[in-house]
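The values are calculated or read from the model by the stated rules, or taken from the named source; none is laboratory data. Predicted, not measured: the structure shown is a model, and the values here were computed from it. Counting neighbours? That spans all protein chains shown, and the Cβs are built from the backbone with ideal geometry, glycine included. Please note that ligands, DNA and RNA were not included when accessible areas were found on the heavy atoms of the full protein model with its side chains. Shrake-Rupley method; radii C 1.70, N 1.55, O 1.52, S 1.80 Å.
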Amino acid sequence: MRSCRRYVPIFASLLALAALSAFGAERSRSAAAAPSAPYAISYHDDVEPILKASCGSCHSSDKRSGGFVVESPETLFKGGNRTGAKVIVRGAPTESLIIAYLEGSRQPRMPLNMPALSAVQLQLIKSWIASGAKVETAKIGFPYSPVATLTPPAVKNRAWVRNPIDAFVLAKLEANGLQPAPPASRAALLRRLYADLVGEPPTPAEATAFLNNSSPNAYEQLVDRLLADSRYGERWGRHWLDLVRYADSEGFEHDDKRPRAWRFRDYVIRASNEDKPYDRFIKEQTAGDELYPSSPQAIVATGYARLSPWDALSTDREQRWQDYLNDVTDTTGSVILGMTVGCARCHSHKYDRITQRDYYRLQAFFVQTRWADKRLPDSEAGPYAAQLTSSHARIAGLRAEERALRDRFREQAAAAKRERDKASGRVDVSDGEIDDFLRRDHRQELDRIQNGIRQADDEVAPLEPIADAVEDSGRNAPAEHLLLRGSLQSPGPEVKPGFIASLAGGDERDAAIEAPASASSTGRRTALANWLASADNPLTARVMVNRIWQHHFGRGIVGTPS
């Protein structure tokens with residue numbers, strides 16, 4: 001994860017693709033004026049966005065007003081209950097009922113209770129129908145396209161170029177008649193490096209050492225030293241912790257403490273400082289228990305799936321668990337893939353090619369997950385081992401005091417119970433009944449002991465070698481259903497685990513899943529982890545490169561990193 005060096009080749013590929021594809025931006029149509037020259041109208045670029053934005057709220061797969069759905073070409077050409085196949089007649093816009101409803105010559109005018117389409121929008125749809133209503137194969141653009149090896153562009157000022165990235169930057173500047181900014185001063189470089197990598201200014205001695213270093217590699221030496229500094233992982237680990245919604249408490253009204261959450265925090269910091277490869281980093285968090293069951297740190301890493309807010313007071317257990325599944329699905333999409341998949345929980349995306357089925361197929365990878373407090377090797381207690389031994393001894397002593405106090409007053413509690421119940425002979429009393437008696441006449445002594453036990457337990461809980469982790473609750477997962485409008489009370493068709501179709505070559509196919517031999521687990525999260533970290537899924541690397549660029553330079557190459 002050492003960002004300055006490991007990702008230089010990826011930066012070059014990313015910038016090259018950006019320069020040539022302008023981040024996948026297709027030609028845009030002005031809403032203010034009709035195009036001045038004829039062009040081939042695209043269903044995906046021109047027509048589909050209009051229909052989904054204007055008609056999608058009523059004519060979606062879940063609402064199906066009039067039986068008409070605009071979410072795909074197949075449903076669009078099928079028409080509705082009254083329009084049938086005549087909704088679009090290829091080559092004949094005047095015979096196509098969709099035009100009649102959009103123009104208002106057939107009532108009610110569409111879209112219902114919304115502004116009518118503009119003349120330009122209406123003309124685009126008419127022209128598309130007139131030209132045969134063709135639906136071209138959907139183009140998969142940047143950042144979903146495969147990584148390509150591109151030749152850096154030729155530039156005039158070749159002396160300025162020190163690496164391939166420079167060539168792409170300079171080519172853009174020269175194309176706009178601009179010159180690069182002059183080199184930063186040594187003092188500015190020093191300030192930027194410290195702020196960027198460790199988040200603290202240099203000490204006077206550190207500043208003097210760098211400014212007086214006459215070596216031609218002084219800057220590179222400082223970069224290497226700061227990357228090796230423990231503060232590097234602390235600063236850069238925070239970026240990841242913010243993304244995965246790390247917190248030391250559960251949120252909501254009760255807001256219980258998470259005394260062991262710090263182990264995940266330290267795992268992230270350690271991963272940064274140990275230069276853990278990013279693919280391994282993702283795999284450990286998503287499926288460390290299945291992929292690396294003998295690694296304590298991989299078990300700790302699965303705490304990634306334990307960081308969602310948790311409403312401990314909720315009485316609706318099914319909805320609470322569904323809220324958890326929604327959160328871990330949304331987080332995986334936005335953090336690792338840079339996609340707001342959460343919008344597809346209730347409806348297919350109106351613009352991005354993410355369907356409701358995609359959302360719940362992604363969620364199906366987690367449906368068998370359960371929370372587990374995993375005991376780690378005693379060696380993971382680390383510097384707290386002596387404190388744990390001392391605290392356990394203290395707790396044992398207090399519990400012995402508690403037992404002795406109960407034994408001391410057991411007969412008195414039994415006598416009080418006989419008198420209360422008008423019983424004769426021997427009566428048995430529980431520890432709770434003895435405590436009730438003690439609280440009446442000896443509260444101070446009992447409270448001192450029990451408060452001491454609680455305090456010692458609170459001190460021990462964060463130090464115990466136990467991890468907040470996840471695991472699968474067996475090999476047989478329950479069925480996962482698409483939830484209509486995202487409601488647990490409205491289950492739709494069953495779905496199997498699968499990847500977002502637009503990121504898997506456009507095909508909606510079930511994931512190949514193999515249960516691990518070493519654990520009673522489904523292997524679903526392993527399949528997800530392997531796909532997320534696969535070279536065949538370039539989006540994962542591009543999202544991370546964009547985040548690294550964002551935190552080094554203040555703004556990502558793509559301005560919407562999540």
### Query
List, please: which pairs have Cβ atoms under 6 Å, are six or more places apart or on different chains, and start with a residue in the range 472-484 that is closer than 19 Å to Thr286 by Cβ and end with one that is open to solvent by less than 50 Å² (accessible area, probe 1.4 Å) and among the β-branched types (Val, Ile, Thr)?
Asp472/Thr522; Arg475/Thr522; Ala477/Val367; Ala477/Thr522; Glu480/Val367; Glu480/Val495
### Residues of the range 150-166 classified as of a type in the set (Val, Ile, Thr) and open to solvent by 100 Å² or more (accessible area, probe 1.4 Å), total
1
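Please work out which residue is nearest to Thr355 (Cα to Cα), limiting yourself to the range 308-324 and to residues that are touching a helix residue (DSSP H, G or I) at 6+ places or on another chain (Cβ under 8 Å) and open to solvent by 10 Å² or more (accessible area, probe 1.4 Å).
Our first condition is that a residue be touching a helix residue (DSSP H, G or I) at 6+ places or on another chain (Cβ under 8 Å); within the range 308-324, this holds for 308-311, 314.
Narrowing further to those that are open to solvent by 10 Å² or more (accessible area, probe 1.4 Å): 309-311, 314.
Working: Pro309: 26, Trp310: 27, Asp311: 29, Ser314: 30 Å.
Here the answer is Pro309.
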#### Entry: Condition check for Ala188: of a type outside the set (D, E, K, R), open to solvent by less than 50 Å² (accessible area, probe 1.4 Å), closer than 27 Å to Gly237 by Cβ and free of Cβ contacts under 8 Å to residues at least 12 places away in the same chain
yes
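Has the range 4-21 got at least one residue that is over 30 Å from Asp275 (Cα atoms), open to solvent by 30 Å² or more (accessible area, probe 1.4 Å) and either among the charged types (D, E, K, R) or modelled with pLDDT under 80 (or both)?
Taking every residue of the range 4-21 in turn, at least one turns out to be over 30 Å from Asp275 (Cα atoms), open to solvent by 30 Å² or more (accessible area, probe 1.4 Å) and either among the charged types (D, E, K, R) or modelled with pLDDT under 80 (or both).
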### Query
Can you tell me how many residues in the range 240-249 are open to solvent by less than 40 Å² (accessible area, probe 1.4 Å) and in contact (Cβ under 8 Å) with a residue 24 or more places away in the chain?
4
### Query
When you go through Asp378, Asp327, Asp373 one by one, which is the residue that is surrounded by fewer than 21 Cβ atoms within 10 Å (Cβ to Cβ), of a type in the set (Asp, Glu) and in contact with a Ser or Thr (Cβ under 8 Å, 6 or more places away or on another chain)?
Asp327
### Selection status of Thr526, of a type outside the set (Lys, Arg), outside any loop (DSSP other than H, G, I, E, B) and closer than 30 Å to Pro478 by Cβ
yes
### Message
Looking at Asn530 and the list (1) more than 13 Å from Ala364 (Cβ to Cβ); (2) open to solvent by less than 40 Å² (accessible area, probe 1.4 Å), which single condition is not satisfied?
### Response
(2)
### Query
Among Thr526, Thr522, which is touching a helix residue (DSSP H, G or I) at 6+ places or on another chain (Cβ under 8 Å), over 30 Å from Thr137 (Cα atoms) and either of a type outside the set (Asp, Glu) or modelled with pLDDT of 95 or more (or both)?
Thr526
#### Entry: Failed item, numbered, when Phe252 is tested on (1) open to solvent by 50 Å² or more (accessible area, probe 1.4 Å); (2) among the hydrophobic types (A, V, I, L, M, F, W, C); (3) in contact with a Cys (Cβ under 7 Å, 6 or more places away or on another chain)
(3)
### Task
Could you pull out the residue among Ala85, Ala100 that is at pLDDT 85 or above, small (Gly, Ala, Ser) and either in a helix (DSSP H, G or I) or within 33 Å of the chain's Cα centre (by Cα) (or both)?
Ala100
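Among Ala501, Ala519, which is closer than 19 Å to Thr332 by Cβ and surrounded by fewer than 22 Cβ atoms within 10 Å (Cβ to Cβ)?
Criteria check complete, one pass: Ala501.
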### Message
Condition first: surrounded by 15 or more Cβ atoms within 10 Å (Cβ to Cβ), out of contact with any helix residue (DSSP H, G or I) (no Cβ under 9 Å at 6 or more places or on another chain), over 30 Å from Pro146 (Cβ atoms) and of a type outside the set (Asp, Glu). Can you find one or more residues in the range 456-470 that meet it?
### Response
no
### Task
Just one of (1) assigned to a helix (DSSP H, G or I); (2) touching a helix residue (DSSP H, G or I) at 6+ places or on another chain (Cβ under 9 Å); (3) open to solvent by 70 Å² or more (accessible area, probe 1.4 Å); (4) modelled with pLDDT of 90 or more trips up Asp436, so point out which.
(4)
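Do we have Ile282 as more than 18 Å from the chain's Cα centre (by Cα) and either in a helix (DSSP H, G or I) or at pLDDT 95 or above (or both) here? Spell out how you get there, then give the answer.
Numbers: more than 18 Å from the chain's Cα centre (by Cα): no; either in a helix (DSSP H, G or I) or at pLDDT 95 or above (or both): yes.
So Ile282 does not fit the description; no.
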### Query
Among Gly66, Gly91, which is among the small types (Gly, Ala, Ser) and either exposed (fewer than 14 other Cβ atoms within 10 Å of the Cβ) or part of a loop (DSSP other than H, G, I, E, B) (or both)?
Gly91
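Counting only residues that are touching a residue at least 60 places away in the same chain (Cβ under 8 Å) and hydroxyl-bearing (Ser, Thr, Tyr), how many does the range 380-418 have?
Kept after step one, since they are touching a residue at least 60 places away in the same chain (Cβ under 8 Å), are these residues of the range 380-418: 380-381, 384, 387-388, 391-392, 394-395.
Retained after the next criterion (residues that are hydroxyl-bearing (Ser, Thr, Tyr)): 384, 391.
Within the range 380-418, residues that are touching a residue at least 60 places away in the same chain (Cβ under 8 Å) and hydroxyl-bearing (Ser, Thr, Tyr) number 2.
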### Query
Within the bounds of the range 132-144, is there any residue that is part of a loop (DSSP other than H, G, I, E, B), among the hydroxyl-bearing types (Ser, Thr, Tyr), open to solvent by 60 Å² or more (accessible area, probe 1.4 Å) and within 17 Å of Val87 (Cα to Cα)?
no
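Conditions tested, residue by residue: (1) in a helix (DSSP H, G or I); (2) of a type in the set (S, T, N, Q); (3) under 21 Å from Ile299 (Cβ atoms).
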residue	(1), (2), (3)
Ala512	no, no, no
Ser518	no, yes, yes
Val545	yes, no, no
Gln550	yes, yes, no
Ser562	no, yes, no
